[in-house]
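Q: Structure incoming, see below.
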Amino acid sequence: MKKTAAVDLKNITMPVLNIVGNKDDLVSPKSSIPITEGDGNGDGCSGIISSKDRMLMEFPLDHVELCISYDAHKNLWTQVIQWLKERS
């Protein structure tokens, strides 16, 4: 059996865009938001990753709606494109 190695998210230093659906039932916001925004335990942590260039985009959508809804195409994806253009 192949052994897997643990991943230390603190080693992530590249730009990170964290897209979160507040109604997501597959990837809960509670597990996603701390990646870029801290874990809320009051220790001053500004996120699990080390990247200085990070952004959280939260939308009141579920997992599928983030991908294919009218709202996502009108609002979310235009912001994602802008974020990527600024780093290209």
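Q: Can you confirm whether Ser88 is assigned to a loop (DSSP other than H, G, I, E, B), touching a Lys or Arg at 6+ places or on another chain (Cβ under 8 Å), at negative phi and at pLDDT 90 or above?
A: no
Q: If Ser88 passes every condition in (1) more than 16 Å from Pro29 (Cβ to Cβ); (2) of a type in the set (Gly, Ala, Ser); (3) surrounded by 15 or more Cβ atoms within 10 Å (Cβ to Cβ) but one, which one does it miss?
A: The single condition Ser88 does not satisfy is (3).
Q: Mind listing just one residue for me: the one in segment 50-85 that is among the small types (Gly, Ala, Ser) and assigned to a loop (DSSP other than H, G, I, E, B) and, of those, nearest to Ser28 (Cα to Cα)?
A: Within segment 50-85, the match that is nearest to Ser28 (Cα to Cα) is Ser69.
Q: State all residues of segment 1-39 that are in a loop (DSSP other than H, G, I, E, B), among the polar types (S, T, N, Q) and over 25 Å from Gln82 (Cβ atoms); if no residue qualifies, say none.
A: If the condition is that a residue be in a loop (DSSP other than H, G, I, E, B), among the polar types (S, T, N, Q) and over 25 Å from Gln82 (Cβ atoms), then Thr4, Ser28 are the ones that fit.
Q: Can you tell me which residues in segment 1-50 are among the basic types (Lys, Arg) and modelled with pLDDT of 95 or more? It would help to see each step written out before you state the result.
A: Step one: of segment 1-50, the residues among the basic types (Lys, Arg) are 2-3, 10, 23, 30.
Lys23 - this is the single residue of segment 1-50 that is among the basic types (Lys, Arg) and modelled with pLDDT of 95 or more.
The values are calculated or read from the model by the stated rules, or taken from the named source; none is laboratory data. Bear in mind that the values here come from a model prediction, so they are computed numbers and not experimental data. When we count neighbours, we look across all protein chains shown, and the Cβ atoms used for this are built from the backbone with ideal geometry, even at glycine.
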